[in-house]
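Q: After the structure tokens below, expect a handful of questions from me.
The values are calculated or read from the model by the stated rules, or taken from the named source; none is laboratory data. Only a predicted model underlies this, so the values are computations on that prediction, with no experimental measurement involved. Virtual Cβ from ideal backbone geometry, glycine too; neighbours counted across all protein chains shown.
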Amino acid sequence: MLDKIKNRCKATTLHYSIFNSANDVPSIDWNSINNKNNLFLTLDYLNTLEDTLSETIGFRYILFYDQNGPVGIAVNQLIKFNTEDLKFQEFPCRISDAIKNTFMKSMDVRVLVCGNLFSCGEHGFLYSDKISAKEAFENLSDALKEIRKTEKTDKPSFILLKEFWPTSFDQSDYIINQKFREFRIDVNMVLQVQSNWNNFDDYLGSMKTKFRTRAKKVFKKSSDLLVKDFTSEDIDQYKEAIDTLYLSVLDNADFKIGKLDAVTFRNLKKTLQSSFVFKAYFLDTKLVGFTTSFILNNVVEANHIGIDYAYNKSHDIYQRMLYDYVDLAIEKKVDELRLGRTAEIIKSCVGAKPVEMKLYVRHGNSISNKLLKPLVEFISPSEYEVRNPFKLQLS
């Protein structure tokens, strides 16, 4: 396959170039679209992922142009997974047994993902205001189909666009006109960081007595934990323990496609420096947990964690991690802390609220794509409960 494919979009006067490596992407053109510096769309971040994961994941990058220059970018990842890896009894979106047995028997499935497998949110497609949303998503669909067509072996069965926030639904829904099916996934739990929280005590002071008492109990039970900010050298030193802790969490995950490892974390820390935070949790000299997070423009995005579950209950490791994420968000003076999907109740106890998100999927075969309709209609977000820990309703 060529390192770069040039093509013209069928529906418009736009054209696009497809690259198989971030090293080949013209940085000036790319950065002119990512001008607000979304960290997950920076070439430094993408290069780091590619360098450590290219043996198991294929990477494709698209630059869209009009007659005056670049107007859009897209990040895509090619993956293969076996449907036996999905835990349907705990699947984040409930699927009826009949549909599961019909469509999801044990098989290897190859998927072209426009987005980031390792982060939740709009980190796959970005376009300028020089083109309309309709034009942007028409062109994206055309380019994604071209990528699929040029894969000589193991053509992707599905094309997936992940994930869009509610504020973007009016724009992203244009992809439905390109025979994509929409479906909702489990909510993302997001905490709005208040401007009057200057420190963690201010945050605690805004809570109802019950939840403030709960937080203090967590800190008491976890008082023996030593929390350390890791450098890239520290991550390298503890890489075997980190991999073990990370795998213990993945083994409990409902849905896992693609995984990172300590080498990736080390390289991310080395490349991104203060924009990537790796916190390690020790009991005496034993590493019993870690968290990672990315510092975006006005957001802290909680990312991967690792936990030794033998100590989790006795020392409230996971709950302590959540409060430490809140503390980090206050320290960084961001507007939002995004805690991701799952564990809605416990995350709501620290103040996070559910935000719906949407994906889009289509099958490469037109007949199979029609059969997707009953499948996605059976998919719905998991039910959840939330708590309100604050004295006042926060904005």
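Q: Against the definition (in a loop (DSSP other than H, G, I, E, B) and modelled with pLDDT of 95 or more), how does Val386 come out, yes or no?
A: Values: in a loop (DSSP other than H, G, I, E, B): yes; modelled with pLDDT of 95 or more: no.
Here the answer is no, as Val386 does not meet what is asked.
Q: Consider segment 318-336. How many of its residues are closer than 13 Å to Leu296 by Cα and in contact with a strand residue (DSSP E or B) (Cβ under 8 Å, 6 or more places away or on another chain)? Explain how you work it out, then say what you get.
A: Of the residues in segment 318-336, the ones closer than 13 Å to Leu296 by Cα are 328-329, 332-336.
Cutting the leftovers down to in contact with a strand residue (DSSP E or B) (Cβ under 8 Å, 6 or more places away or on another chain) gives us 328-329, 332, 334-336.
Residues that pass the stated criteria total 6.
Q: Next question. Please work out which one of (1) in a helix (DSSP H, G or I); (2) assigned by TED's automatic domain parsing to the domain that holds Asn177 is the condition Ile330 fails and give its number.
A: In the conditions (1) in a helix (DSSP H, G or I); (2) assigned by TED's automatic domain parsing to the domain that holds Asn177, Ile330 misses (2) alone.
Q: Moving on to the next point. If I ask for residues that are among the aromatic types (Phe, Trp, Tyr) and either part of a strand (DSSP E or B) or under 23 Å from Tyr325 (Cα atoms) (or both), which ones from segment 178-219 would you list?
A: Scanning segment 178-219 gives Phe183, Trp197, Phe200, Tyr203, Phe211, Phe219.
Q: Assess whether Lys270 counts as being touching a helix residue (DSSP H, G or I) at 6+ places or on another chain (Cβ under 8 Å), surrounded by fewer than 21 Cβ atoms within 10 Å (Cβ to Cβ), of a type in the set (D, E, K, R) and not in a helix (DSSP H, G or I).
A: Against the criterion (touching a helix residue (DSSP H, G or I) at 6+ places or on another chain (Cβ under 8 Å), surrounded by fewer than 21 Cβ atoms within 10 Å (Cβ to Cβ), of a type in the set (D, E, K, R) and not in a helix (DSSP H, G or I)), Lys270 does not qualify.
Q: Quickly run through segment 256-283 and pick out the residues that are more than 28 Å from Asp335 (Cα to Cα) and free of Cβ contacts under 8 Å to residues at least 60 places away in the same chain. Can you show your working first?
A: Filtering segment 256-283 down to residues more than 28 Å from Asp335 (Cα to Cα) leaves 256-259, 261-263, 282-283.
Listed by number, the residues that qualify are Lys259, Ala262, Phe282, Leu283.
Q: Another question about this same structure. Is there a residue in segment 225-233 that is under 30 Å from Ile57 (Cβ atoms), in a helix (DSSP H, G or I) and at pLDDT 95 or above?
A: yes
Q: Right, here's the next one. Residue under question is Asn198, and the condition is that it be touching a residue at least 40 places away in the same chain (Cβ under 8 Å), closer than 16 Å to Met357 by Cα and polar (S, T, N, Q); does it hold?
A: Values: touching a residue at least 40 places away in the same chain (Cβ under 8 Å): yes; closer than 16 Å to Met357 by Cα: no; polar (S, T, N, Q): yes.
Spelling it out, it is not the case that Asn198 is touching a residue at least 40 places away in the same chain (Cβ under 8 Å), closer than 16 Å to Met357 by Cα and polar (S, T, N, Q).
Q: A follow-up question, please. Considering only residues that are surrounded by fewer than 17 Cβ atoms within 10 Å (Cβ to Cβ) and in contact (Cβ under 8 Å) with a residue 60 or more places away in the chain, look in segment 285-318 and name the one that is nearest to Glu331 (Cα to Cα).
A: Only one residue fits best here, namely Asn297.
Q: Run down Ile147, Ile159, Ile175 and say which single residue is among the hydrophobic types (A, V, I, L, M, F, W, C) and assigned to a strand (DSSP E or B).
A: Sole residue among the options that is among the hydrophobic types (A, V, I, L, M, F, W, C) and assigned to a strand (DSSP E or B): Ile159.
Q: If Ser223 satisfies all but one of (1) outside the structural domain of Val113 (by TED's automatic domain parsing); (2) in contact with a Ser or Thr (Cβ under 8 Å, 6 or more places away or on another chain), what's the number of the condition it fails?
A: (2)
Q: Between a residue in segment 120-135 that is within 27 Å of Val187 (Cα to Cα) and any residue that is crowded, with 21+ Cβ neighbours inside 10 Å and of a type in the set (Ser, Thr, Tyr), which pairs come within a Cβ distance under 7 Å, given they are 6 or more apart or on different chains?
A: Pairs found: none.
Q: Oh, and also: Can you name the residue in segment 35-57 that is in a helix (DSSP H, G or I) and charged (D, E, K, R) and, of all such residues, is surrounded by the most Cβ atoms within 10 Å (Cβ to Cβ)?
A: For segment 35-57, the residue satisfying everything is Glu50.
Q: I need the full set of residues from segment 37-57 which are of a type outside the set (A, V, I, L, M, F, W, C) and without any contact (Cβ under 8 Å) to a residue 40 or more places away in the chain, in order please.
A: Answer for segment 37-57, where residues must be of a type outside the set (A, V, I, L, M, F, W, C) and without any contact (Cβ under 8 Å) to a residue 40 or more places away in the chain: Thr42, Glu50, Ser54, Glu55.
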